[in-house]
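The values are calculated or read from the model by the stated rules, or taken from the named source; none is laboratory data. On a predicted model such as this, the values are computed, not experimentally measured, just so you know. Quick reminder, even Gly has a Cβ in these numbers, built from the backbone with ideal geometry, and neighbours come from all protein chains shown.
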Amino acid sequence: MVLQILTFLGGLALLMFGLKNMTESLQKLAGESLSKFLGIMGKNRFTGLLSGAGITAAIQSSTATTLLTVTFVNAGLFTLNQAIPIIMGANIGTTITAWIMSLGFSFDMGKIVYPIFVIGIICIYMKRSKVKTLGEFVFGLAFLFFGLTILKSNAEAMDLSNNDTVKEFFASRNDGGIGTKLLFLLVGGVLTFCVQSSAAIVAFTQLLCASGVLQIDQGIALVLGENIGTTITSNISAMKASASARRTALAHLMFNLFGVIWVFLLFTPFNKFVAHIWGFGDFKAITPDQLPKFIAAFHTSFNVCNVLLLIGFVNQMEKIIEKIIKKTDEDSEGKLKYIGGTLTDIADMGLNAAEKETFEMAQRMEKMFGFVEQLTEETSNKTKEYEALFKRIDKYENISDNMEIEISKYLGKISKGHLSNDAKAKIRVMLKVISELESIGDSGANLSRSIQRRYESKAVITPEQKDNIVKMYSIISEAMAQMLNVIKNADTISKKEIEKSYEIEERINTLRANLREGNIENIEKNHYEYISGLFYMEIINGCEKIGDFIINIVQEYKRLRFKK
């Protein structure tokens, strides 16, 4: 019995591993085209529904589709209203997995598993990366079918249908009452949450039904529970994410919960309807060998009908969700946009998200420097405008610290996957770049503190000094803009564009050197006091440091682009 239990768990593990491989390889094959497709199709309610279903069916992961949608909402490219139909579609697309599983119960998959393994291993050893990735998908499919074969043969060996203890256990909980259905619904939800794979629980349900142990009512209740359990993880993961991520996760839960409630209330009539339209005949007369396909048919019908009922109430759902989860200013400034709470860890998709997030961090540092410029223009540190700017700069320094930590953690996570040499090089560059961007944030905060100390010491800045500071600020702003151009177009940037950054850096260094010499002369000639020159040069030197960090970033992208 112990060996049989371990064999069962091993079969389940192989099945889950196969599903994971299939999902990851399909996402690698699709790459950024998934995002582009979703971006084009997702802005209309009905095309959004179709794209959600199509992408999920293609990549075998409703979670990946949902998280892609969260990314678009976070970035402001989609509204919640546009995201809800995509999530609805994802629920339809995910039902294809149950149909794939049902194949394993229709005929002996052992006859084709080994040839599939051979095809997969041949592809994996090919030189072309896309063929290798295709091989990983085929290998995953083989593992899925192999896992199903083991589960099926193990169930036959255990002879569950003739095991009195097992039969009595399930029979005693098959009185057809609401309490029994609720129990199995709860079990389905808990199992899905624990295993973190709704497909695995559906396969488990199909196996027990095919073995004649689990009755049809119990199997359907388990599937209903799985539909709730699959949303719990995303909602827990989104708790620390932005309001957009939390709202999108809640939309998924609301959709599935509503469906479970109305199907639960119309349990027998709905199942009779499903049996009739799919050609199973009498619902109560469905045989164990038909149950795997019926479970797949039920799963599809449940989600399709739920979409038909709710697609006309997207606006109302949006209003309810927005009332439950309020959005604050912090959600737009302090949170990552492209890396959601649990964004997919597939290397190609994850790398693209990290690149966008790095550019977003650079834009925020440019904005922060703009606040420093405004702070310098204030004639007193006692005004509300000055205090607001000073606090804003301090806040942006904290944001830069947080972004560096979160992006680096995320890059560390995706670097554990199967990556090409180019992808590894990009990750190394981004890790260095976000460190330099964080240093720009620190320098911006230090500049604001120098300005504050200057006010506190009552040091006077002459009109000439102020003009020179403004001149330096102008060149730094130019360097920032050129840096953003390099980061945004890192894969296609020309040597001529990169050389512009070096020209600007030279101007910054020349101006700093000239102003330093001029400052010493002016102090010697008593044109202004030493303390005035001290704070003046603190600002100039602080700007020159920012220029150094900027050129360090450009150098990293130059090496990446031109390999030297």
*Just checking, how many residues over segment 458-515 are part of a loop (DSSP other than H, G, I, E, B) and under 30 Å from Lys382 (Cα atoms)?*
5
*asked:* Suppose the filter is surrounded by fewer than 16 Cβ atoms within 10 Å (Cβ to Cβ) and over 40 Å from the mean Cα position of the chain (by Cα); does Glu456 pass it?
replied: yes
*His527 fails exactly one of the following numbered conditions: (1) touching a residue at least 40 places away in the same chain (Cβ under 8 Å); (2) in a helix (DSSP H, G or I). What is the number of that condition?*
(2)
*Identify, by number, the condition in (1) more than 26 Å from Lys20 (Cβ to Cβ); (2) buried (at least 19 other Cβ atoms within 10 Å of the Cβ); (3) modelled with pLDDT of 80 or more that Thr47 doesn't meet.*
(2)
*From the residues in segment 476-521 that are crowded, with 18+ Cβ neighbours inside 10 Å and polar (S, T, N, Q), which one is nearest to Gly370 (Cα to Cα)?*
Gln482
*Out of segment 67-85, which residues are assigned to a helix (DSSP H, G or I) and at pLDDT below 75?*
Leu67, Leu68, Val70, Thr71, Phe72, Asn74
*Among what's in segment 274-296 and is in a helix (DSSP H, G or I) and within 21 Å of Glu226 (Cα to Cα), pick the residue that is nearest to the chain's Cα centre (by Cα).*
Ala296
*Is it true that Asn526 is surrounded by fewer than 21 Cβ atoms within 10 Å (Cβ to Cβ) and within 25 Å of Ala445 (Cβ to Cβ)?*
no
*Quick check, is Lys395 in the same structural domain as Ser477 (by TED's automatic domain parsing), under 30 Å from Ile124 (Cα atoms) and part of a helix (DSSP H, G or I)?*
no
_Residues of segment 329-359 satisfying the condition of being modelled with pLDDT of 55 or more, buried (at least 17 other Cβ atoms within 10 Å of the Cβ) and acidic (Asp, Glu)_ = Asp348, Glu355, Glu357
*surrounded by 18 or more Cβ atoms within 10 Å (Cβ to Cβ), within 29 Å of Glu503 (Cβ to Cβ) and not hydrophobic (A, V, I, L, M, F, W, C): does that describe Ser443?*
yes
*Being within 20 Å of Pro292 (Cα to Cα) and not in a helix (DSSP H, G or I) is the filter; apply it to segment 146-175 and report the residue that is modelled with the highest pLDDT.*
Asn174
*If only one of Val314, Val304, Val372 is modelled with pLDDT of 90 or more, buried (at least 17 other Cβ atoms within 10 Å of the Cβ), in the same structural domain as Met88 (by TED's automatic domain parsing) and part of a helix (DSSP H, G or I), which one is it?*
Val314
